[in-house]
Structure formats: C-alpha cells, structure tokens
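The values are calculated or read from the model by the stated rules, or taken from the named source; none is laboratory data. Being a predicted model, the structure only gives us computed values, none of them experimental. Reconstructed Cβ throughout: ideal geometry from the backbone, glycine too, with neighbour counts over all protein chains shown.
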Amino acid sequence: QTGPMGLLTPARIVQDEGVVDAARFFWNVLTQPRIRQRLLPIRRMFTQYKQDLGYILQLAERQD
C-alpha cells in the first residue's frame with residue numbers, strides 16, 4: 001500500500017493516537033515552547049515537500 005505522507009497533520013494524529021492522547025499532544029505543543037520550536041519546522045518541511053513525500057506499507061507475516 002502507498003499514499004501521501006500524513007505525519008503531523010491533526011487528523012492523522014487523532015487517527016494514530018486516539019482522541020485523548022491527541023488532545024494531550026496538542027496541549028503540549030500549545031503550552032510548551034520547546035516542543036513547538038522542534039515540531040513546527042518539521043511540519044513545515046512535510047508541508048513544503050508534500051508532493052515528494054509519501055509512504056510505502058510492507059507487511060510480513062511469520063509462519064511458525
């Protein structure tokens with residue numbers, strides 16, 4: 001499976017983490033400047049290069 005990179009988008013954070021953990025994540029970003037300073041440049045980079053970034057999902061199953 002392949003698709004566009006959704007990392008650090010609000011909808012993807014909620015989908016990955018759940019509502020409670022996503023709310024904690026957003027609260028931390030809003031209230032802690034050090035976290036925000038590290039996170040926002042990464043998010044800007046993902047947004048700037050969204051046409052060039054994506055994901056590839058590969059799944060393997062171990063046979064016992």
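General remarks:
- In the range 12-44, the residues that are of a type in the set (A, V, I, L, M, F, W, C) and within 21 Å of Y55 (Cβ to Cβ): I13, V14, A22, F25, L39, I42
- Qualifying residue in the range 19-27 (condition: at pLDDT 95 or above and among the acidic types (D, E)): yes
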